[in-house]
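Here is the structure we will look at, set down as structure tokens.
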Amino acid sequence: MMTVAVTAISSPLLLHSQGPNRQLLQWKRNEKRRLPTKVAGSGVITAGFELKPPPYSLDALEPHMSRETLDYHWGKHYRTYIENLNKQIVGTDLDALSLEEVVLLSYNRGNMLPAFNNAAQAWNHEFFWESIQPGGGGKPTGELLRLIERDFGSFEEFLERFKSAAASNFGSGWTWLAYKANRLEVANAVNPLPKEEDKKLVIVKTPNAVNPLVWDYSPLLTIDTWEHAYYLDFENRRAEYINTFMEKLVSWETVNTRLEAAMVRATQREQEGTYTEEEANPDDEEPEVYLDSDIDVSEVD
Amino acid sequence: MTTVVFIIVLVIFAASLHDAGATTMDPCLESTKTASLPDLPYAYDALEPVISEEIMRLHHQKHHQTYVTQYNKALNSLRSAMADGDHSSVVKLQSLIKFNGGGHVNHAIFWKNLAPVHEGGGKPPHDPLSSAIDAHFGSFEGLIQKMNAEGAAVQGSGWVWLGLDRELKRLVVETTANQDPLVTKGTHLVPLIGIDVWEHAYYPQYKNARAEYLKNIWSVINWKYAADVFEKHSRDLDTN
């Protein structure tokens with residue numbers, strides 16, 4: 001079988017005019033895993049997102065999450081998202097980007113492009129496998145525990161709220177613990193008095209494929225509450241699944257690592273001044289104009 | 001003396017009238033009927049091998065029952081909130097009522113949309129529904145293809161419907177998210193056939209293969225019910 005290296009044509013103009021280029025991407029590991037694209041027998045070129053295995057074997061979470069569940073959840077659902085995503089983006093502007101970039105671009109401020117569902121679900125599931133581990137559960141420690149106690153009163157109170165959010169997320173979706181750095185409640189609002197306390201831990205419920213990356217939050221932990229995540233092991237008993245998840249599966253170590261990275265990122269961004277409040281008072285400079293290469297300037301009045 | 005007694009009696013009578021007025025003041029709240037889980041019109045294994053007994057039991061006894069229980073609970077809370085004039089709570093309860101009430105409404109229709117093969121399940125409809133289908137979708141197969149395509153494309157949880165638009169007098173294929181009833185897509189829409197594409201409707205048997213579930217379910221669809229509803233509303237339309 002012939003392997004041919006194909007460099008996808010990236011579109012810097014497209015990137016500049018979109019939000020994500022201004023946001024430092026969070027998940028370096030999600031940088032495009034770009035292997036030489038293979039030319040299959042039929043001559044069809046396939047894009048290169050590869051399946052990412054969980055950091056444990058598929059039966060390692062027994063008896064709390066069965067091998068059978070992982071076989072279908074990872075082996076079918078997640079695989080389908082990756083495969084369909086690849087088919088959707090090959091040869092388009094979304095090709096040659098990291099998974100996170102595809103998620104942010106295809107979210108398109110809420111008017112989602114067709115690739116969003118597959119891209120976000122691929123991202124969400126990778127994040128989910130890494131949020132749990134064999135022998136998980138227990139309590140967080142250190143800075144994570146301190147912030148949980150600061151923002152929720154106590155670990156027990158956090159647990160109750162998180163479980164209640166996950167149980168009441170009607171239909172398909174995800175429930176997240178996220179780090180919300182210096183953001184006001186309303187999108188696009190500029191914080192007039194930024195304080196350390198504005199950087200908070202929050203619990204967020206999202207429907208279907210949506211995740212808190214699209215609001216520029218830093219996700220720390222997620223639980224998948226689509227029925228396929230728990231039906232084989234728990235049938236309709238979602239509350240039982242959520243309890244098991246928190247008591248036996250959640251990897252507080254991973255959550256802690258993610259929090260540290262999120263806090264570093266938040267501090268870096270403050271120092272570099274890439275928040276909108278900085279942009280609201282630009283220096284006296286010629287605003288840069290980005291032209292869409294397709295537009296013939298002579299057509300513009 | 002008798003005047004005093006008469007006045008006292010009058011006062012007591014007036015007081016009792018006032019009380020009577022208070023208790024009958026909110027008849028709508030008093031007589032609100034709660035929902036109850038309807039029986040399946042067939043045995044749990046009657047739709048095998050298209051839909052397994054395991055699914056039918058879980059779907060009816062767990063999922064639908066939970067919608068009924070939670071809906072009644074929400075209605076109860078709504079009743080108290082309305083009686084107290086607690087408008088915040090009245091508003092807050094709306095999403096629970098929509099989720100669970102919608103779940104009850106939709107599933108009550110769904111059980112009637114299905115029938116074992118030996119009771120007519122899968123048998124295509126006769127006129128006038130049959131002609132209406134041909135007129136709007138080209139053919140019976142065309143309708144099925146369209147519904148399967150829409151049903152497979154629903155992201156997350158929801159339903160795919162064949163509905164009758166009473167105002168425009170035509171058939172439509174629609175999808176709704178979560179447990180939204182068809183009427184949320186248009187007040188003039190009447191559900192004829194609804195297919196549940198929540199994962200709980202097929203997962204133990206079909207796993208992630210929703211398309212296969214959709215392909216198979218047509219052999220147990222109860223077109224008699226759809227035709228009856230269609231005819232009833234067509235008659236109503238004619239007499240308007």
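Computed from point charges on the beta carbon alone (+1 for Lys and Arg, -1 for Asp and Glu), the dipole magnitude for segment B:47-195 about its Cα centre is near 380 Debye.
What list do you get for B:ARG235, A:ARG67 if you sort them by fewest beta carbons within 10 Å?
Details: B:ARG235 10, A:ARG67 14.
In increasing order of surrounding Cβ atoms, one gets B:ARG235, A:ARG67.
Let a ≥ b ≥ c be the square roots of the eigenvalues of the Cα gyration tensor of segment A:146-192; is it rounded (a/c under 1.5), or, if not, prolate (a/b larger than b/c) or oblate? Because a/c hits 1.5 or more and a/b fails to exceed b/c, segment A:146-192 counts as oblate. Listed cross-link partners A:LYS163/B:LYS92; A:LYS163/A:LYS200; B:LYS146/B:LYS169; A:LYS180/A:LYS248; A:LYS52/A:LYS163 are compared with a 23 Å cut-off, the Cα-Cα value being larger for A:LYS180/A:LYS248; A:LYS52/A:LYS163. Here segment A:237-270 is scanned for amide nitrogen atoms under 16 Å from the site 7 Å beyond the Cα of A:GLU68 along Cα-to-Cβ, giving A:237. The order of A:GLU272, A:GLU185, going from fewest to most other C-beta atoms within 10 Å of their C-beta, is A:GLU185, A:GLU272. When each of the peptides A:205-211, B:190-196, A:151-157 is scored by how many other beta carbons lie within 10 Å of its residues on average, the order from highest to lowest is B:190-196, A:205-211, A:151-157. Legend: calculated FRET efficiency, B:HIS136 to A:THR257, from the Cβ-Cβ distance at R0 = 51 Å, rounded to 0.05, equals 0.35. This ranking places A:ASP59, A:ASP233, B:ASP127 by how few other beta-carbon atoms lie within 10 Å of each, fewest first, which gives B:ASP127, A:ASP59, A:ASP233.
Oblate is the label for segment A:128-219, because a/c, from the alpha-carbon gyration tensor with a ≥ b ≥ c as root eigenvalues, is 1.5 or above and a/b does not exceed b/c. The charge dipole of segment A:164-214, taken about the Cα centre with unit charges on the Cβ atoms of Lys, Arg (+1) and Asp, Glu (-1), comes to about 60 debye, rounded to the nearest 20.
Classify segment B:125-222 as rounded, prolate or oblate, taking a ≥ b ≥ c as the square roots of the eigenvalues of its Cα gyration tensor: rounded when a/c is under 1.5, otherwise prolate if a/b is larger than b/c and oblate if not. It would help to have the intermediate numbers written out before the result.
On the way: a/c = 2.32, a/b = 1.38, b/c = 1.68.
It comes out oblate by the Cα gyration axes.
Quick note: the coordinates plus some simple rules give every number you see, no bench work behind them. If you're wondering where the values come from, they're calculated on a predicted model, not measured in any experiment. Glycine gets a Cβ as well: all are built from the backbone with ideal geometry, and neighbour counts include every protein chain shown.
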